[in-house]
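Let me begin by presenting the structure, written as structure tokens, before commenting on it.
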Amino acid sequence: MGQSLAQKTALITGITGQDGSYLAELLLQEGYRVVGMTRRSSTDVHERIEHIVERVDIVSGDLLDQTSMTNIIAQVRPDEVYNLAAQSFVPTSWTQPVLTGEFTALGVTRVLEAIRAIDPSIKFYQASSSEMFGKVAEAPQNERTPFYPRSPYGVAKVYGHWITVNYRESYGLFATSGISFNHESERRAKEFVTRKISDGVARIKLGLTQELRLGNLDARRDWGYAGDYVRAMWLMLQQPQPDDFVIATGRTHSVRDFVRLAFASVDLDYEKYVVQDLRFVRPAEVDVLIGDASKARELLGWQPNVTFEELVDTMVRADLERLGRLVRV
């Protein structure tokens, strides 16, 4: 495909993840050449981007390896880099804390170093996380709320966030961080509690299982839709100046609320099926996260379109359809 002078190139690390797949769709709609970086693995993990894989370029690289990052930036010459790759599952960060630090913290530095070495005019987006707030100092949380992470994942994300700020201020890079609160979709990996719930509800409805085992039902989160959140990421790199933004809905719900709605969407009473299991409770729990996205609304003109209730319903319907096909086969 010939690249017109006006066409921008975006490099997405973590393109095969939930956010990477939605962002790739958005950038293709906006006319970008989209390049996705994936790690070499023995299994094909392109499931989420299968429908667009013919329209994106896939390159092999690794956030653990500085040379591969520098070579990719030199080869692709992107206008924008979206760093969405990370070891992003909080419980795994307790069992693999060092690896989580290598990927989720030092990986950011490797990408920034590659940009600084090859072309400092490249715009950079870092996927920061509400898990950085952890044991929250105030509610709701905004861009000035102090961080108090409560997991190796949260700690690593704080490093990634501050190294992005440091490269912006020290080297003049257009480096931004989006502090995204929880955002879900039918493309969420099944180890995450929201997808575990929607998948579990669909299995129970179809008679494939009898119970759903969960940890802390009282943890509260600000849950949005991933498709809305990637739009905010893109908007951040279209601004005249780099800055950091909280991306959130400003509404908080408990895991119990999510469970109740998910079961109600298939006319079932959650109390008959849900079993609390202490194995799924974190060593240090984050009790309440709720974001204040006023700055993103004012400066980016961004707001979420999908409500919490619509999100839960969409996820359950998608899992019902997917599992229903398997049952019929």
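Quick notes on this structure:
- The residue pairs whose first member lies in the range 48-77 and is assigned by TED's automatic domain parsing to the domain that holds residue 101 and part of a helix (DSSP H, G or I), whose second member is basic (Lys, Arg) and surrounded by 15 or more Cβ atoms within 10 Å (Cβ to Cβ), and whose beta carbons are closer than 7 Å, counting only pairs six or more residues apart or on different chains, are 48/187; 66/110; 69/110.
- Candidate set: the range 112-137, residues that are part of a loop (DSSP other than H, G, I, E, B) and on the phi < 0 side of the Ramachandran plot; chosen: the one surrounded by the most Cβ atoms within 10 Å (Cβ to Cβ): 133
- Within the range 216-235, residues that are among the aliphatic types (A, V, I, L, M) have Cβ atoms under 6 Å from residues that are surrounded by fewer than 19 Cβ atoms within 10 Å (Cβ to Cβ) in these pairs: 217/256; 230/26, counting only partners at least 6 apart in sequence or on another chain.
- Members of the range 138-161 found to be small (Gly, Ala, Ser) and surrounded by fewer than 17 Cβ atoms within 10 Å (Cβ to Cβ), listed by number: 139
- Here the range 212-271 is the region considered, the condition is being outside any strand (DSSP E or B) and acidic (Asp, Glu), and the residue that is surrounded by the most Cβ atoms within 10 Å (Cβ to Cβ) is 222.
- Scanning the range 162-172 for residues that are of a type in the set (A, V, I, L, M, F, W, C), under 16 Å from residue 83 (Cα atoms), buried (at least 24 other Cβ atoms within 10 Å of the Cβ) and in contact (Cβ under 8 Å) with a residue 12 or more places away in the chain turns up nothing.
- When residue 62 is tested against (1) touching a Ser or Thr at 6+ places or on another chain (Cβ under 8 Å); (2) surrounded by fewer than 19 Cβ atoms within 10 Å (Cβ to Cβ), just one condition goes unmet, and that condition is (2).
- The number of residues in the range 161-201 that are part of a helix (DSSP H, G or I) and farther than 21 Å from residue 224 by Cβ comes to 11.
- Among the residues of the range 89-144, those identified as of a type in the set (Gly, Ala, Ser), without any contact (Cβ under 8 Å) to a residue 60 or more places away in the chain and farther than 18 Å from residue 163 by Cβ are 121, 137.
- Set 312, 316, 306: member being closer than 30 Å to residue 231 by Cβ, outside any helix (DSSP H, G or I) and either within 20 Å of the chain's Cα centre (by Cα) or of a type in the set (S, T, N, Q) (or both): 306
- Take the conditions (1) among the β-branched types (Val, Ile, Thr); (2) within 19 Å of the chain's Cα centre (by Cα); (3) surrounded by 18 or more Cβ atoms within 10 Å (Cβ to Cβ); residue 92 misses just one of them, which is (3).
The values are calculated or read from the model by the stated rules, or taken from the named source; none is laboratory data. Since the model is a prediction, treat every value here as computed from it, not as a measurement. Glycine gets a Cβ as well: all are built from the backbone with ideal geometry, and neighbour counts include every protein chain shown.
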